[in-house]
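J.: My questions all concern the structure below.
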Amino acid sequence: MDYLSITGPSRLEGDIVISGAKNAALPLIAATLLSDEPCRIDNIPDVADIRTMLKLLGKLGSRFTFEDHTLTIDNEEIVNTRATYDIVKTMRASILVLGPLLARFGHCEVSLPGGCAIGQRPIDMHLKALEQMGAVIDIKNGYVVATAPEGLSGARIIFDKVTVTGSENIIMAAALARGRSELINVAKEPEVVQLCEVLQEAGVKMEGVGGDELIIDGTDRKPLNFEPFSIIPDRIEAGTYLCAAAITYSTLTLHQVRPDHLDAVTAKLHETGCRIDENGTSMTIYPAAKLRAFEISTTEYPGFPTDLQAQFMALATQAEGVSLIEERLFENRFMHVSELQRLGASIHLKGHTATLNGPIQLLGADVMATDLRASSALVLAALAATGVTNVHRIYHLDRGYEKLHEKLRSIGARIERLKE
């Protein structure tokens, strides 16, 4: 098992090219199941979650090549509509094949994804919506067994709360349904918007893209034909590198970004005293004279993203004053707190709120990653800490960050990837 050895404190300088968004690529790869024609997708990040999704589609019968961030995939000869536990258990996003498989083939079996380290994320809203569209759903031996032999029908669906994967699954299902679907309280994340835009380019008629109400006219099981497209930049990776610059008092330029997807993030960085200049698809962050404390509360887009909560907690350890961080989306997303405390962080937890007193001198230690974003928070803290920090269980990092250690090393970090 690999680990990262980081010697701090660091000063960073240079340029970083941001990869494509994993959370946009995963539903769009699943969406190719709606087509029986070859499809090309560019700017796909080469991370473990993408490889897992491709492994799953390969078992279903997909034929594909994935080289130099370009995926060419052909789903004409799908021979199997069963997504097995051995793959689904390693990545919850595997549930995204449920909607497109059912819509195109009228039947599928998808393993229940189970729990998650950061908290429970049930799929009851996915299943309820599919039942409203005419599907018959049974849970047998740990699998969702879904059938709709005559196809799905459009329906008026109101999501009880905002769900990203739930919205994506039902949007894909509605694309091949018979008639019109009205989806209320839809997620507005940029990744959901790109899914809609790609489906529109493939001929699906939609109204309300980018809002919380969508009207979709389905094609009545007529497969789609996707034009080549490119994955949007990863806003979470971009936010992570912005935090890396801020916590090390460094100047850094990011390329291939969408600044408009980062408004909530850059607003908070401005509050800390950092300055950010935007120039088209590039942005440069200049360090604060002295980092100031801040308050954040995670919420759905366009609010502050839960996927950057841990990174900002690492940043708060170096900010002067008392910072408050409220996690409103996932009940267990403070597991990185104890590991940051091993480095010396002063953090008090009460319910869903963390209170941090800073700045504090962090000292290198051995720490353990508990989930994807917690891993990056520990890396950021290590960049600011004095001495050597070893970050273990970095297979979490590999799920969502492409060549993190190489990118950090290229801008001056003293970081090595080593074997246990």
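Rule-based calculations on the coordinates, nothing more; no lab input. Owing to the predicted nature of the structure, the values given are computational and were not obtained by experimental measurement. Cβ sites come from the backbone with ideal geometry, for glycine too, and all protein chains shown count toward neighbours.
J.: Which far-off residues, 5 or more places away or on another chain, put their amide H under 5 Å from the one on SER346, with H placed in the peptide plane?
T.: ASN357
J.: If you don't mind, another one. Express in whole angstrom the spacing between the alpha-carbon centres of the stretch 115-189 and the stretch 250-314.
T.: The two parts, judged by their Cα centres, are 33 Å apart.
J.: Computed FRET efficiency, Cβ-Cβ of LEU363 and GLU150, R0 56 Å: what is it to the nearest 0.05?
T.: Working: r = 65 Å, r/R0 = 1.15.
Step by step, r from the Cβ atoms, then E = 0.30.
J.: Rg (Å, one decimal) plus Dmax (Å, integer) for the alpha carbons of the chain?
T.: Cα-based Rg and Dmax for the chain come out at 21.6, 64 Å.
J.: Between ILE158 and ASP138, what is the label-to-label distance in nm when each label sits 7 Å out along the Cα-to-Cβ direction?
T.: According to this spin-label approximation, the distance is 3.2 nm.
J.: In nm, give the distance between the simple-model label positions of THR281 and ASP68, each being 7 Å from the Cα along the Cα-to-Cβ direction.
T.: Distance between label points: 1.6 nm.
J.: Give me the percent relative contact order of the chain, please, defined on Cα pairs under 8 angstrom at least 6 residues apart.
T.: Relative contact order of the chain: 22 percent.
J.: Roughly how far apart, in whole Å, are the Cα centres of the stretch 1-63 and the stretch 360-420?
T.: One Cα centre to the other: 20 Å.
J.: If you place +1 on the Cβ of every Lys and Arg, -1 on the Cβ of every Asp and Glu, and leave all else neutral, what size is the dipole of the stretch 214-360 about its Cα centre, to the nearest 20 Debye? Can you show the working numbers first?
T.: On the way: 12 positive and 18 negative charges, 80 e Å.
Roughly 380 debye for the stretch 214-360.
J.: Next question, about the same structure. Stretch LYS89-LYS59 to full length: gain in nm at 0.36 nm per residue minus the Cα-Cα span?
T.: Numbers: separation 30, 0.36 × 30 = 10.80 nm, distance 1.51 nm.
Extra length from LYS89 to LYS59 when fully extended: 9.3 nm.
J.: Of GLY210, GLY58, GLY351, which is the most mobile in a GNM of the chain whose springs link Cα atoms less than 10 angstrom apart?
T.: GLY351
J.: Also, quick follow-up: Cα atoms only, the stretch 25-94: Rg and Dmax in Å?
T.: Looking at the stretch 25-94, its Cα Rg and Dmax stand at 11.2, 29 Å.
J.: Once the piece of chain linking ARG51 and ARG258 is laid out straight, how much longer is it, given 0.36 nm per residue of separation minus the C-alpha distance between them? It would help to have the intermediate numbers written out before the result.
T.: Working: separation 207, 0.36 × 207 = 74.52 nm, distance 2.47 nm.
So the chain would gain 72.1 nm between ARG51 and ARG258.
J.: Any idea what the alpha-carbon Rg over 2.2 N^0.38 Å comes to for the stretch 78-214? Each step should come with its number before you reach the end.
T.: Values: Rg = 14.1 Å, N = 137, 2.2 N^0.38 = 14.3 Å.
Output field value: 0.99.
J.: In nm, what is the difference between 0.36 nm times the number of residues separating GLU197 and GLU76 and their Cα-Cα distance?
T.: On the way: separation 121, 0.36 × 121 = 43.56 nm, distance 2.25 nm.
That pair, GLU197 and GLU76, stretches by 41.3 nm at full extension.
J.: Please tell me which of these pairs span more than 21 angstrom C-alpha to C-alpha: LYS22/LYS407; LYS188/LYS350; LYS55/LYS140? Intermediate values should be presented prior to the final figure.
T.: Details: LYS22/LYS407 17 Å; LYS188/LYS350 30 Å; LYS55/LYS140 24 Å.
Where the Cα-Cα span goes over 21 Å, the pairs concerned are LYS188/LYS350; LYS55/LYS140.
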